[in-house]
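First the structure, in the form of structure tokens, and then the observations on it.
The values are calculated or read from the model by the stated rules, or taken from the named source; none is laboratory data. Please read all numbers here as calculations on a predicted model, not as lab measurements. Here the Cβ is made from the backbone with ideal geometry for all residues, glycine too, and neighbour counts use every protein chain on show. SASA here: full protein model, heavy atoms, side chains in, ligands and nucleic acids out. Shrake-Rupley method; radii C 1.70, N 1.55, O 1.52, S 1.80 Å.
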Amino acid sequence: QVQLVESGGGLVQAGGSLRLSCAGYGGTLSRYKMDWFRQAPGKERESVAAISWSGVLTDYADSVKGRFAISRDNAKNTVYLQMNSLKPEDTAVYYCAADQRNSYGLGGHVDYWGQGTQVTVSS
């Protein structure tokens, strides 16, 4: 059983940056494709960034492409989401997720979810 713990959320002004971290406990994250999902009030949860188990392949939703960057440090069992040029529409709860079924691409199957971290972008 893998436990995922996110951190790094908070309140930031539009145009600012945040870096989210997702640490894995109880298992090695290097066996999983990792996604960052987000869910805004009244909207469905969506994957915005994904990274293959090796870190070689990444994928992004069009809404964040060029502004967000996903990375991983398998030695630290941690995945990151660097968010730049933040917009009010990026406001959401952000979740990391582990997928052992797929090797790359956004979304798909989720084996484990984190508890989420709130990101609020003020205008």
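Observations on the model:
- Sparse-neighbourhood loop sites, GluC sites (Glu not before Pro) in the stretch 1-46 - DSSP loop, at most 16 other Cβ within 10 angstrom: E44
- Residues Q100 and D62, FRET efficiency given R0 of 25 Å [Cβ-Cβ distance, rounded to 0.05]: 0.45
- Extension gain, D111-E46: 0.36 nm per intervening residue step, less the Cα-Cα distance, totals 21.8 nm.
- Portion, in percent, of the accessible area of the stretch 1-41 that falls on carbon or sulfur, probe 1.4 Å: 46
- Per residue accessible area in Å² of the chain, where ligands, DNA and RNA are left out and the probe is 1.4 Å: 50
- Between S54 and Q118, full extension at 0.36 nm per residue minus the direct alpha carbon distance yields a gain of 20.3 nm.
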